[in-house]
Every structure is written in C-alpha cells, then in structure tokens.
Amino acid sequence: YKVYTLVNLMQLDGKMPDLKGFHTQDIPLPQQKSFKVETFNGKPYKTVTWSQYVMFPQHSGKLEIPSITYTGIVGMRNPYIDPFEAFLNGSAGYVEVKKEIKAPGITIDVEALPDRPANFSGGVGQFDITASLDKNEVKANDPVTLSVKINGLGNLKLIKEPKVEFPKDFDVYDPKVTDKTRLTASGVEGTVTYDFLAVPRHPGKYEIPEIEFVYFDSESDTYKTVKTESFALNV
C-alpha cells in the first residue's frame, strides 16, 4: 500500500483484515517514514510504501482482497489560529485534520497446483535439503541426533515436517525445530532445521535412508524432488 500526498501527512492508520483463503504476513517497515518525490498525474507528490504484506493463497479460485480504509491525520497551517489552540495541537500554527483514504480491493485468480504427488511437502518455491548425523558409532541406548535442514525461498512456514525412516527398534522423539527465516517481498527466505533425537535399543549395523523433499518449483511450474544422503550407524 503506497501513499501519495501533497500535504503534511502526520499519521496514517489502517490494517489488512483477517482474510479467508490466505495465509498473510506483514513485512516490517520503518516507523519513521522516508518520503520520496514522484510525479503522478503531472504533479510532484511525496510518496512512500506505508504497509506491505506477503500473502500465500491456500486454495484455487478467485480470491478477494477487500478495500481498506486508512484514517490519516494531516497537519494544516492556519495563520489565524489562536496561539493557545495551536499549543494544544502540539505545534505553533498547525491544526490536525482527519482524513479517510480508501485503498481499492483486488481480485486474485489463483490457479490450482497440478496433481499432487503423495509425498508432496506443501512447499512452493525453490528449496534444497541437507542432513547430518552427529555420530556414526554409538553404544546401545545412547542417543544420536539427525539434523535435517530445508533451505530456500517460498512458503517455508507452511511446509510439512520431513519424514525420516529410522530403523524399527529406535525410539524417536519429536524434533526440535529451529526457524532461521526472514520475511521478504518475495516470500519467506532462510533455513528451517529439524533435529531428530533417536535412541537405538540394540546393537547392530543400521542404515538411515535418504530423506526426500518434494516441492512445487514456482519457476519451472513442475514438482521437483531433492534428497539427502543416507547414513550408516554402527551400534
């Protein structure tokens, strides 16, 4: 949402409502707005991006972003204002005038994803996956940690937990999830790490197979599969 103004805009309040059909996150912008001058309809306006959101549509069809009414406060100079009234308004010679500005709504046509593979992670964007095992040799009943990292750009906060096929006689605990992502205008970017703690109960030679991550590549419009290496564990 970008505002153009010819007056002294002191404040502007308005927020995206909770929308059905979208997962919405707002991008933090500086509280102190820095205006630039742009020519619009032949006039030099002061302009700035006031608020910005990244929206992930959750189903196909025509989805509506409604209009938003922003309430602004404009500082108007008045040479005839009473000095005491000016003092109450916080500045000599200015009065605060409220003004409502309506931003138009938008209709977005969301296409359905092609037939989804059974092991689809829910990821849409560009991703890769890596994994590491903290030990390759342990005693029975000693824990090991398998760290799985998914890195990329897209809907990282909406992906499913990667599925790891540990040997049957391992006790496996819910992973510790570390989120090192940041929100950008292109989506969520960074790394989500899943640390799986597993305890082998019996001696032997085991294999933890490769871990697959299936996502929809938004650049090539195809499903892609990336994999980790497999791991040998001597107990």
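The values are calculated or read from the model by the stated rules, or taken from the named source; none is laboratory data. What you see is a predicted model; the values in this text were computed from it and never measured. Counting neighbours? That spans all protein chains shown, and the Cβs are built from the backbone with ideal geometry, glycine included. Surface accessibility is based on the protein's heavy atoms, side chains included, excluding ligands, DNA and RNA. Shrake-Rupley method; radii C 1.70, N 1.55, O 1.52, S 1.80 Å.
The table that follows gives values for the structure above.
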read-out	value
With all protein chains modelled, accessible area of V177 [1.4 Å, Å²]	80 Å²
T178, T5, reordered so the largest accessible area comes first (probe 1.4 Å)	T178, T5
Residue-span extension gain [K46 to V199] - 0.36 nm each, minus C-alpha spacing	48.9 nm
Gain in span if fully extended, V172 to V138, counting 0.36 nm per residue against the direct Cα distance	10.7 nm
Cα-projected label distance for D13 with K157, points at 7 Å along beta-carbon direction, nm	2.4 nm
Of K20/K160; K160/K227; K135/K163; K149/K224; K15/K160; K20/K149, pairs whose Cα-Cα distance is over 26 Å	K15/K160; K20/K149
Y223, Y4, ranked by accessible area, largest first (probe 1.4 Å)	Y4, Y223
M10 accessible area, assembled protein chains, probe 1.4 Å, Å²	100 Å²
Bridge type composition, the chain - antiparallel percent by DSSP, nearest 5	95 percent
HN-Hα J in Hz across the range 110-125 - Karplus 6.51, -1.76, 1.60, θ = phi - 60°, x for Gly and Pro	9, 7, 6, 5, x, 3, 7, x, 4, 9, 5, 7, x, x, 10, x
FRET efficiency, T222 to T24 (Cβ-Cβ, R0 25 Å, nearest 0.05)	0.40
Label-point separation, T181 to T39 (7 Å along Cα→Cβ), nm	4.3 nm
Surface accessible to a 1.4 Å probe, H59 within the full protein complex, Å²	100 Å²
